[in-house]
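A.B. asks: Sharing a structure with you now.
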Amino acid sequence: MKKVIYKEIEITNKRISRPKYALLLLLIALIGVGAYILTQYSLQHVLHNAVLSSYLSIPVDAVVIGVSLVLLNRYLINHGVMIPILRRRVERTVFISPGGGRPIDEELIRRHEDALRFADRDSEGYVTSLAMLGFMYLQNAIAYGDRSLYLKARDCLNRAKDAMRTVDVNDEIRILVERLEKEVEGSRSRFE
């Protein structure tokens, strides 16, 4: 059995290189070309007018490409992969240590809340995200002395425990949730 001790939790984002991202964009462009050809072919047989079918195929192609880009970027961001466009703005490492007294940026917490909304509730990642969000709330609650953030941390802990009843998680995630529980219980006297 592997012994894991969490003193500070590090959040880092994986990066995707520009050539790999360009290949993904090329794949989306190929999907768009396929949609254009298929739409034009279908409309030409229905309308019997090549010019009109070409003009009507362009908006369909634009919608397919736009939706594909949004879905690709959302998928990458929700899985912790930084796209080259956002890399400069968000590239940093955050250390979560509730006893440290340093607050965590609200923007980072909001991004984790948004990612949690789209996470698969039957996965280990969901439990991990809940625990990490709980640690962030707890750290800010201690730094600012804010009881509402403490209650949010407790809520994240309870939701993580509930999710662990339905999801089979590994020992590291179980220890992470237990550590969050210990930290929340240790901070109870400050906020209640």
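Read-outs: derived from the displayed coordinates by stated rules, not from any lab. None of these values were measured; they are calculated from a predicted model. Note that each Cβ is placed from the backbone with ideal geometry, even for glycine, and that neighbours are counted across all protein chains shown.
A.B. asks: With θ taken as phi - 60° and the coefficients 6.51, -1.76 and 1.60, list the Karplus ³J(HN,Hα) couplings across segment 171-188 in order, rounded to whole Hz; mark glycine and proline as x.
C.D. replies: Those phi angles translate into 5, 4, 5, 4, 5, 4, 5, 5, 5, 4, 4, 4, 5, 5, 5, x, 8, 4 Hz.
A.B. asks: Efficiency by 1/(1 + (r/R0)^6): what FRET value for LEU151 and PHE118, r their Cβ-Cβ distance, R0 = 22 Å, to the nearest 0.05?
C.D. replies: Values: r = 24 Å, r/R0 = 1.08.
E between LEU151 and PHE118, to the nearest 0.05, is 0.40.
A.B. asks: Taking θ = phi - 60°, what integer Hz values does the Karplus form 6.51 cos²θ - 1.76 cosθ + 1.60 yield along segment 73-78, in sequence order, with x for Gly and Pro?
C.D. replies: After applying 6.51 cos²θ - 1.76 cosθ + 1.60, I find 5, 5, 4, 5, 5, 5 Hz.
A.B. asks: What is the calculated FRET efficiency for ARG102 to ILE58, with r their C-beta to C-beta distance and R₀ = 45 Å, to the nearest 0.05? Provide the component values of the computation, followed by the final result.
C.D. replies: Details: r = 52 Å, r/R0 = 1.15.
After rounding, the FRET efficiency stands at 0.30.
A.B. asks: Looking at the chain as a GNM with Cα springs under 10 Å, which of VAL60, VAL51, VAL127 has the largest mean-square fluctuation?
C.D. replies: Between VAL60, VAL51, VAL127, it is VAL51 that shows the largest mean-square fluctuation.
A.B. asks: Per-residue ellipticity at 222 nm for the chain, helices alone: DSSP H runs ≥ 4 residues times -39500 (n - 2.57), over residue total, nearest 500 deg cm²/dmol? Write out the running numbers ahead of the final one.
C.D. replies: On the way: 8 runs with 136 residues, N = 192.
Here the helix-only value at 222 nm equals -23500 deg cm²/dmol.
A.B. asks: Pick from LEU43, LEU149, LEU133 the residue whose mean-square fluctuation is largest in a GNM of the chain, springs joining Cα atoms under 10 Å.
C.D. replies: Top of the fluctuation ranking is LEU43.
A.B. asks: Between VAL81, VAL169, VAL33, find the one with the highest GNM mean-square fluctuation for the chain; connect C-alpha pairs within less than 10 Å.
C.D. replies: Evaluated over the chain, the most mobile residue of the options is VAL33.
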